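Only one structure is covered here, and it is reproduced in the block below.
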Amino acid sequence: MVGVEQWAALRRLHFVAGVPIRELQRRTGLGRNTIRRALRAERPPRYVRRVGASKLDPFKPEIQRLLREDPKLPGVRVFELIAELGFDGGKTLVYEYVAELRPLFAPRPRTFQRTIYRRGELSVATAQFTSWESRPRRWRPRPPVPAR
């Protein structure tokens, strides 16, 4: 397979420098058909990984059902329950899937309230300020320094 750098070098040598395909074959050690395929390609080659099936796929509906019934169900317990049904995969796979699904079944409550003021709506007279004063530290005598 030709990498991106090699693809660019082949095209540069052939189209700019005018090096023939047989000379490219001799210089690179690649086959003529491989070089032709690289020269005909409009885009640089890229790695595409095929997505395979997960061990968790048959158990996803069961996990969704468990979280629908109890959104706070710990991942450990979900792992134990689907292991009884025949799941033989790793616990990290289950924990990550549960962490991904949990917000859909138990959304977190908002922890803030956004306050918006229009220009000129809030004047200095109505604004509240909090002042904080630290307590003075108690005075303690320092221990005497030993003489040398």
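Kindly establish whether ALA41 is more than 30 Å from PRO103 (Cα to Cα) and surrounded by 12 or more Cβ atoms within 10 Å (Cβ to Cβ).
yes
Condition first: surrounded by fewer than 14 Cβ atoms within 10 Å (Cβ to Cβ) and not hydrophobic (A, V, I, L, M, F, W, C). Now tell me which residues in segment 65-80 satisfy that.
ARG65, ARG68, GLU69, ASP70, LYS72, PRO74, ARG77, GLU80
Taking the condition of being of a type outside the set (A, V, I, L, M) and touching a helix residue (DSSP H, G or I) at 6+ places or on another chain (Cβ under 7 Å), how many residues in segment 7-21 meet it?
Total meeting the criteria: 3.
Taking only segment 81-107 into account, find how many residues are surrounded by 10 or more Cβ atoms within 10 Å (Cβ to Cβ), over 15 Å from PRO71 (Cβ atoms) and of a type outside the set (A, V, I, L, M).
Residues meeting the conditions: 7.
Which one of the conditions (1) within 17 Å of GLU100 (Cβ to Cβ); (2) surrounded by 10 or more Cβ atoms within 10 Å (Cβ to Cβ) does ARG36 fail to meet, given that it meets all the rest?
With respect to (1) within 17 Å of GLU100 (Cβ to Cβ); (2) surrounded by 10 or more Cβ atoms within 10 Å (Cβ to Cβ), ARG36 is out only on (1).
Looking at segment 45-61 only, could you name the residues that are surrounded by 14 or more Cβ atoms within 10 Å (Cβ to Cβ) and either closer than 17 Å to ALA106 by Cα or more than 23 Å from the chain's Cα centre (by Cα) (or both)?
If the condition is that a residue be surrounded by 14 or more Cβ atoms within 10 Å (Cβ to Cβ) and either closer than 17 Å to ALA106 by Cα or more than 23 Å from the chain's Cα centre (by Cα) (or both), then PRO45, PHE59 are the ones that fit.
Considering every residue within segment 99-119, establish whether at least one is part of a loop (DSSP other than H, G, I, E, B), modelled with pLDDT of 90 or more and over 17 Å from LYS60 (Cβ atoms).
No, the conditions are met nowhere in segment 99-119.
Could you please let me know if PRO58 is outside any helix (DSSP H, G or I) and of a type outside the set (Lys, Arg)?
No; evaluated as a whole, the condition is false for this residue.
Which of the residues that make up segment 25-55 are among the charged types (D, E, K, R) and not in a helix (DSSP H, G or I)?
Answer for segment 25-55, where residues must be among the charged types (D, E, K, R) and not in a helix (DSSP H, G or I): GLU42, ARG43, ARG46, ARG49, ARG50, LYS55.
The values are calculated or read from the model by the stated rules, or taken from the named source; none is laboratory data. Since the structure is predicted, the reported quantities are computational estimates derived from the model, not experimental observations. All Cβ positions, even for glycine, are placed from backbone atoms using ideal geometry, and neighbour counts span all protein chains on display.
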